[in-house]
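Please read the structure below before turning to the comments.
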Amino acid sequence: MHPYVALVALAGLLLLFAGPLPAQNAPGAAKAAPQAKPAPAPKPTRPAWNELTAAQREALAPLAGMWTTLEPDRKQKWLEVAQRYPDLSPDGKKRVHERMAEYAKLTPEQRKTARENFRRAYELPADQRQQKLQKYQELPEDKKRELANQAGKKPETPRRAPAAPAAAPKTTPNPPAKAAPPVEPPIEVKP
């Protein structure tokens, strides 16, 4: 297996077992937090899609619709993938395009989670990483689908409700001051 295909498969595996991702269509998900103003459209970065070579566009075709939204460092990573793409087998090319299409469908938060999981996977020694990948690949297809469904159904981690705004401290009127006891004139003691 080509090392890149193994990397993409490992990234997919990690995404499956990454834990709960924010629910997109969960009932009540839209009510969970007030919607903030939509983020301004990202400023297009270079290279623009039309500046890519035909070979790069072919390799990165599943990302065409989101290319303008990618940050420069992400574009650079994908251009590195495009550089290795011609060396892949037809099956390898197909798998890479499938994974890219899956990546393109993720929300920005899910992409961030996938990148973090990928990074964590590479903190493992190569032999452990290979063992985990091999173990996953040996699973029957129905078990893989079952795991994928489980990963998709995990409930979103409950979040604490935002703290209520601090109310103005209660001010109670000071009780009326007690009158000091009357001072009696000193008593003179005569011998």
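The values are calculated or read from the model by the stated rules, or taken from the named source; none is laboratory data. No experiment lies behind these values; they were computed from the predicted model shown. When we count neighbours, we look across all protein chains shown, and the Cβ atoms used for this are built from the backbone with ideal geometry, even at glycine. Calculation scope for accessible area: heavy atoms of the full protein, side chains included, ligands and nucleic acids excluded. Shrake-Rupley method; radii C 1.70, N 1.55, O 1.52, S 1.80 Å.
Taking the conditions exactly as written (modelled with pLDDT under 95, part of a helix (DSSP H, G or I), out of contact with any helix residue (DSSP H, G or I) (no Cβ under 7 Å at 6 or more places or on another chain) and open to solvent by 60 Å² or more (accessible area, probe 1.4 Å)), does Lys135 satisfy them or not? Spell out how you get there, then give the answer.
On the way: modelled with pLDDT under 95: yes; part of a helix (DSSP H, G or I): yes; out of contact with any helix residue (DSSP H, G or I) (no Cβ under 7 Å at 6 or more places or on another chain): yes; open to solvent by 60 Å² or more (accessible area, probe 1.4 Å): yes.
Criteria met by Lys135.
Search the stretch 49-63 for residues that are over 18 Å from Pro90 (Cα atoms) and polar (S, T, N, Q) and pair each with any residue that is open to solvent by less than 40 Å² (accessible area, probe 1.4 Å) and in a helix (DSSP H, G or I) when their beta-carbon atoms are under 9 Å apart and the residues are at least 6 apart or on different chains.
Correct list of pairs: Thr53/Ala82.
For the condition in a helix (DSSP H, G or I) and either more than 26 Å from Gln131 (Cβ to Cβ) or at pLDDT 90 or above (or both), what is the one hit in Ala26, Ala6, Ala30? Lay out the reasoning, then the answer.
Values: Ala26 fails: in a helix (DSSP H, G or I); Ala6 fails: either more than 26 Å from Gln131 (Cβ to Cβ) or at pLDDT 90 or above (or both).
Being in a helix (DSSP H, G or I) and either more than 26 Å from Gln131 (Cβ to Cβ) or at pLDDT 90 or above (or both) holds for just one of Ala26, Ala6, Ala30, which is Ala30.
Quick one: Glu102 ticks every box in (1) in a helix (DSSP H, G or I); (2) within 22 Å of Arg145 (Cβ to Cβ); (3) at pLDDT below 55 bar one, so which box is it?
Among (1) in a helix (DSSP H, G or I); (2) within 22 Å of Arg145 (Cβ to Cβ); (3) at pLDDT below 55, Glu102 violates only (3).
Quick one: Arg84 ticks every box in (1) under 23 Å from the mean Cα position of the chain (by Cα); (2) touching a residue at least 40 places away in the same chain (Cβ under 8 Å) except a single one, so which number is it?
(1)
Which residue pairs have Cβ atoms under 6 Å apart, sit 6 or more places apart or on different chains, and have a first residue in the stretch 93-119 that is open to solvent by less than 90 Å² (accessible area, probe 1.4 Å) and a second that is modelled with pLDDT of 90 or more?
His97/Pro62; Met100/Pro62; Met100/Leu63; Ala101/Pro62; Ala104/Pro62; Ala104/Leu63; Ala104/Met66
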